[in-house]
1. For every helix of n ≥ 4 consecutive DSSP H residues, a contribution of -39,500 (n - 2.57) applies; sum these over the chain, divide by its total residues, and give [θ] at 222 nm rounded to the nearest 500 deg cm²/dmol.
2. Between Val56 and Asp146, how many nm apart are label points set 7 Å from Cα along the C-beta direction?
3. If packing is taken as the average count of other Cβ atoms within 10 Å, what order do 109-118, 4-13, 84-93 fall into, highest mean first?
4. Please work out, to two decimal places, the log10 of the ratio I(q)/I(0) at q = 0.15, 0.16 Å⁻¹ from a Debye calculation in which every Cα of region 1-141 carries one identical scatterer.
5. State the extension gain, in nm to one decimal, for the chain segment bounded by Arg80 and Glu128, taking 0.36 nm per residue of separation less the distance between their alpha-carbons.
6. Counting only complete DSSP H runs, which helices of the chain cover 18 Å or more along their long axis at the Cα atoms and score a mean Kyte-Doolittle of -1.0 or above?
Amino acid sequence: MQQLETGLRAPDFTLTADDGREVSLSDFRGQRVVIYFYPRADTPGCTKQACAVRDVYDRIQADNAVVIGISPDPPEKLTRFREKHDLPFLLLSDPDHEVAVAYGAWGEKKAFGRTYEGVIRSHFAIDEEGRIADFQVNVKPTRTADLALRLIEL
């Protein structure tokens with residue numbers, strides 16, 4: 001895996017969305033993209049994170065930017081999560097963690113005295129040309145909306 005840095009081309013991907021369609025990062029060339037990785041749909045932290053982004057989404061969209069949330073959940077679970085919380089942005093399924101690994105958002109975690117591999121809550125701002133403008137790894141769910149707004153302003 002290549003170490004990601006600002007200015008480098010963001011790893012492209014194609015994943016299945018909550019509505020069943022295939023979505024690629026390259027579909028959004030010409031727009032700024034905020035990608036955020038989260039561990040599991042409809043858990044307390046991930047719900048706070050998604051709802052915080054939902055609540056500022058109009059400001060993000062007004063700046064010609066899109067938001068993509070990525071988790072290992074299957075599309076059916078993402079659909080229920082989107083509908084339950086009225087989420088206006090894309091949710092993509094990364095069941096094999098390939099995209100999370102490519103972005104450095106998969107790795108060792110510790111909780112309740114045990115160590116395991118999982119999604120590391122992270123954010124990436126991708127510019128109109130598909131390059132990484134900024135990123136934050138290992139972020140708190142309650143900071144998501146602020147980081148998303150900051151990232152689109154770069």
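Taken together, the values in this text are just the output of simple stated rules run on the coordinates, not laboratory data. What you see is a predicted model, and the numbers here were worked out from it, not measured in a lab. Glycine gets a Cβ as well: all are built from the backbone with ideal geometry, and neighbour counts include every protein chain shown.
1. Estimated from H runs of four or more residues: -8500 deg cm²/dmol.
2. 0.9 nm
3. Top to bottom by mean Cβ count within 10 Å: 84-93, 4-13, 109-118.
4. Per q value, in the given order, log10 I(q)/I(0) is -0.70, -0.81.
5. Between Arg80 and Glu128, full extension yields 14.2 nm more.
6. Membrane-span-like by this criterion, though nothing is claimed about a membrane: 44-62.
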